[in-house]
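J.: Sharing a structure with you now.
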Amino acid sequence: MRIAVLLGGSSSERDVSLASGLRVLDALRSAGHDATGVDPASGVIDEPALRAAMAAGVARTPPTREALAQLAAGALGPRLAALPAVRDADVVFNALHGGAGEDGTVQAILASAGLRCTGSGPLGSALAMDKDLSKTLFRAAGVPTADWRMAPVATDEVLGALGLPLIVKPSKQGSTVGLTLVKDATDVQPAIARAAEHDDEVMCERYVPGRELTVGILGGEALPVGEIITAGELYDYEAKYTAGMAREVFPADLSAAATAQVQDHARRAFAALKLRGYARIDFRMAPDGSFWCLEANTNPGMTELSLIPQAAAAAGIPFPELCDRIVRLAAAEPPAR
Ligand SMILES: Nc1ncnc2c1ncn2[C@@H]1O[C@H](COP(=O)(O)OP(=O)(O)O)[C@@H](O)[C@H]1O
Ligand SMILES: [Mg+2]
């Protein structure tokens, strides 16, 4: 098939997307597809230069907000669908992470041009990007998720409802950007202010101690459960994208019953947000064995260190086949609404 791979973009996860996209390009070519990379921030990519720049891996910190604002100012927006490489593609593989590439904007641009795109459509993407709405829908679908309050909110109310420690995070960000583990009551409002630098909506959430688990969904089926073991307290940006900062275990060391339970939660969460194709659903597992859904990722990372590729490998699906299956899922249906 002729495939346009979208990579880069102008969100804080730009560098991760560049790494994902290059791997996806290689994988699709090795599976026999005619794949071309397109960066919606500029319309083109200089693949050899990009490969050289990315050879050392993803930088330890995201690009500065100034750099991203500059990229966003020159971004293609709706003109993306008119680029020949995109317009003439059989399927668009969306390897963008965060921002317009994951929140439904790019999905809507492509769908309105009648183009088939991997993963979820505009509605599911927007719902998954919004943690407040996601959590409301998880609860409605019987998927447990920790109590939360949206800012602005008085410190007393947050402490009464959620206790300490608690998590403060932007409602619509990714890669743990702008997130704080608050241990002291005096830090609640400063943490809210910090998160507000990244999003117009900020959430305070009950802290769930225990283990970090993730479940990939591919074509409606749950992949083997993964556990992330981090040296620090949080699975933060650096731990996510620096080799050796976190250890991932596939399949996670869980009983058959616990595995089935968290996979069932993941399938329900996927359906609750009307997701399509593939996604990764993140959970905490409390010391009493209960599972708490954190969020769904509709354009999960596809780098070497990323979780969906590891989950697929544990299921006996090599990376080129994973990418090929994601493309075929998109090719099989009309563009998602
Ligand atoms: N309520 C919580 N309890 C415990 N840890 C949390 C909680 N919320 C977030 N975290 C930690 O922060 C990380 C990122 O949070 P997450 O909600 O998945 O947002 P993001 O979209 O930034 O990935 C999680 O993987 C987890 O390690
Ligand atoms: Mg997450």
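J.: Would you please name the residue that is farthest from residue 224 (Cα to Cα), looking only at residues in the stretch 263-295 that are more than 14 Å from ligand 1 (Cβ to nearest atom) and acidic (Asp, Glu)?
T.: Out of the qualifying residues, it is 288.
J.: Find all pairs meeting these conditions: Cβ atoms under 7 angstrom apart; at least six residues apart or on different chains; first residue within the stretch 313-325 and within 17 Å of residue 303 (Cβ to Cβ) and open to solvent by 50 Å² or more (accessible area, probe 1.4 Å); second residue of a type in the set (Phe, Trp, Tyr) and in a helix (DSSP H, G or I).
T.: none
J.: I'd like the full set of residues that are within 13 Å of ligand 1 (Cβ to nearest atom), in contact with a Gly (Cβ under 7 Å, 6 or more places away or on another chain) and modelled with pLDDT of 95 or more, limited to the stretch 214-244.
T.: Scanning the stretch 214-244 gives a single hit, 214.
J.: Specify which of the listed residues (226, 210, 232) is of a type outside the set (Lys, Arg) and within 16 Å of residue 281 (Cβ to Cβ). Break it down into steps so the answer makes sense when it comes.
T.: Details: 210 fails: within 16 Å of residue 281 (Cβ to Cβ); 232 fails: within 16 Å of residue 281 (Cβ to Cβ).
So the residue among 226, 210, 232 that is of a type outside the set (Lys, Arg) and within 16 Å of residue 281 (Cβ to Cβ) is 226.
J.: Sticking with this structure for a sec: Report yes if some residue within the stretch 20-38 is in contact with a helix residue (DSSP H, G or I) (Cβ under 7 Å, 6 or more places away or on another chain) and over 22 Å from residue 320 (Cβ atoms); otherwise report no.
T.: no
J.: Here's a follow-up. Criterion first (hydrophobic (A, V, I, L, M, F, W, C) and either in a helix (DSSP H, G or I) or within 18 Å of the chain's Cα centre (by Cα) (or both)) does residue 89 satisfy it?
T.: Details: hydrophobic (A, V, I, L, M, F, W, C): yes; either in a helix (DSSP H, G or I) or within 18 Å of the chain's Cα centre (by Cα) (or both): no.
So residue 89 does not fit the description; no.
J.: When you scan the stretch 83-104, do you find a residue that is closer than 24 Å to residue 295 by Cα and β-branched (Val, Ile, Thr), even just one?
T.: no
J.: Could you name every one of the helices (runs of 4 or more DSSP H) located completely within the stretch 1-77 that has at least 1 residues being at pLDDT below 95 and open to solvent by 50 Å² or more (accessible area, probe 1.4 Å)?
T.: Numbers: elements: 14-30, 47-54, 65-73.
Counting at least 1 such residues, we get 47-54, 65-73.
J.: How about the stretch 111-128: which of its residues are open to solvent by 10 Å² or more (accessible area, probe 1.4 Å) and part of a helix (DSSP H, G or I)?
T.: 111, 112, 122, 123, 126, 127
J.: If a residue must be open to solvent by less than 50 Å² (accessible area, probe 1.4 Å), more than 15 Å from residue 281 (Cα to Cα) and assigned to a loop (DSSP other than H, G, I, E, B), how many such residues does the stretch 143-164 contain?
T.: 3
J.: Would you call residue 298 modelled with pLDDT of 95 or more, surrounded by fewer than 20 Cβ atoms within 10 Å (Cβ to Cβ) and either of a type in the set (A, V, I, L, M, F, W, C) or over 24 Å from residue 56 (Cα atoms) (or both)? Outline the logic, then answer.
T.: Values: modelled with pLDDT of 95 or more: yes; surrounded by fewer than 20 Cβ atoms within 10 Å (Cβ to Cβ): no; either of a type in the set (A, V, I, L, M, F, W, C) or over 24 Å from residue 56 (Cα atoms) (or both): yes.
Here the answer is no, as residue 298 does not meet what is asked.
J.: Might you let me know whether the stretch 93-110 holds any residue that is hydroxyl-bearing (Ser, Thr, Tyr) and loosely packed, with under 15 Cβ neighbours inside 10 Å?
T.: Taking the stretch 93-110 and keeping what is hydroxyl-bearing (Ser, Thr, Tyr), we get 105.
Within this subset, residues satisfying the condition of being loosely packed, with under 15 Cβ neighbours inside 10 Å are none.
Checked the stretch 93-110: no residue is hydroxyl-bearing (Ser, Thr, Tyr) and loosely packed, with under 15 Cβ neighbours inside 10 Å.
J.: Can you say whether residue 156 is within 16 Å of ligand 2 (Cβ to nearest atom) and out of contact with any helix residue (DSSP H, G or I) (no Cβ under 8 Å at 6 or more places or on another chain), as far as the supplied structure shows? So that I can check it myself, show each step before the final result.
T.: Values: within 16 Å of ligand 2 (Cβ to nearest atom): no; out of contact with any helix residue (DSSP H, G or I) (no Cβ under 8 Å at 6 or more places or on another chain): yes.
Against the criterion (within 16 Å of ligand 2 (Cβ to nearest atom) and out of contact with any helix residue (DSSP H, G or I) (no Cβ under 8 Å at 6 or more places or on another chain)), residue 156 does not qualify.
J.: Identify, by number, the condition in (1) more than 15 Å from ligand 1 (Cβ to nearest atom); (2) in contact with a Gly (Cβ under 6 Å, 6 or more places away or on another chain); (3) within 15 Å of residue 131 (Cα to Cα) that residue 298 doesn't meet.
T.: It fails just one condition, (1).
J.: Please specify each residue of the stretch 165-185 satisfying the condition of being more than 16 Å from ligand 2 (Cβ to nearest atom) and either touching a residue at least 24 places away in the same chain (Cβ under 8 Å) or part of a strand (DSSP E or B) (or both). Can you show your working first?
T.: Pass one, the stretch 165-185, residues more than 16 Å from ligand 2 (Cβ to nearest atom): 165-166, 182-185.
If the condition is that a residue be more than 16 Å from ligand 2 (Cβ to nearest atom) and either touching a residue at least 24 places away in the same chain (Cβ under 8 Å) or part of a strand (DSSP E or B) (or both), then 165, 166, 182, 185 are the ones that fit.
The values are calculated or read from the model by the stated rules, or taken from the named source; none is laboratory data. None of the values given here were measured: they were computed from a predicted structure. All Cβ positions, glycine included, derive from the backbone under ideal geometry; neighbour counts span all protein chains shown. Surface areas here come from the heavy atoms of the whole protein model, side chains and all, with no ligands, DNA or RNA. Shrake-Rupley method; radii C 1.70, N 1.55, O 1.52, S 1.80 Å.
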